[in-house]
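One structure is given here, and the rest of the page talks about it.
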Amino acid sequence: MAKRLADTNQNQIPAAEQIDAFTRLTHELHQSFFNDEVNRDRVLDGLRKLNRKKLHLDCGVEPEIPGWAHKGESIKTHSSCGIVDLSMIAAESVFRGEVSLSGDEYLARVQEELPSFLPLNACARDFFVKSENWKFLAHLPTRIDFLIFPGTVFNGADKNLYVPDLRRIGLEWREGESRIKNALMYPRFLVAVVPK
């Protein structure tokens, strides 16, 4: 099970100028997200500077095994992400204008198309599925309603392969699993990543 390692929030009280600069930059970054005027490098740099509260999670451990997984051989692949700062979570697409991709092609593109990002695994999904941790997803635009965690692929009891996911339903995030064997993936299925 993934464990929260450190909450490195500084206990110092910021000066009025720092609060003003922080508020102004936060507003500017949010506006660029909401207006789809995203320069990803600039936004990620800004978020790194603004990030006053880091959330380090050990994603190098074995994930929780879902009840629907194959007994005995539950995990097909599990990429250890190590200790990551989940406050930097982002959602990236691997689509190039297609209407859909096969599950195999989707997973292959995660490796090809996102070299500067680390795709998250089931440990991160297990953390984010808890309602008290949804606040760490609040910076994601509301149009994002499907996050795939392709760092872990499970063998289902039905002999299909699945990746863990989170689905936004209203203000809530619910856990799910997306079949990838003999299935199609759609552009709304965004990859949950953190910068490398």
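Read-outs: derived from the displayed coordinates by stated rules, not from any lab. Keep in mind that this is a model prediction, so the values were computed, not measured. Reconstructed Cβ throughout: ideal geometry from the backbone, glycine too, with neighbour counts over all protein chains shown.
Descriptive notes on the structure:
- Spatial separation of Cα centroids for region 79-125 and region 143-184, in angstrom: 12 Å
- Cβ-Cβ FRET estimate between Tyr186 and Thr26, R0 fixed at 35 Å, reported to 0.05: 0.65
- In nm, spacing of pseudo-spin labels at Lys130 and Glu105 (7 Å Cα→C-beta vector): 3.9 nm
- Ranked by the mean number of other Cβ atoms within 10 Å of their residues, highest first, the peptides 92-103, 57-68 come out as 57-68, 92-103.
- For peptides 107-120, 130-143, sequence by mean Cβ density within 10 Å, most packed first: 107-120, 130-143
- Relative contact order of region 49-118: 35 percent, from C-alpha pairs under 8 Å at least 6 residues apart in sequence.
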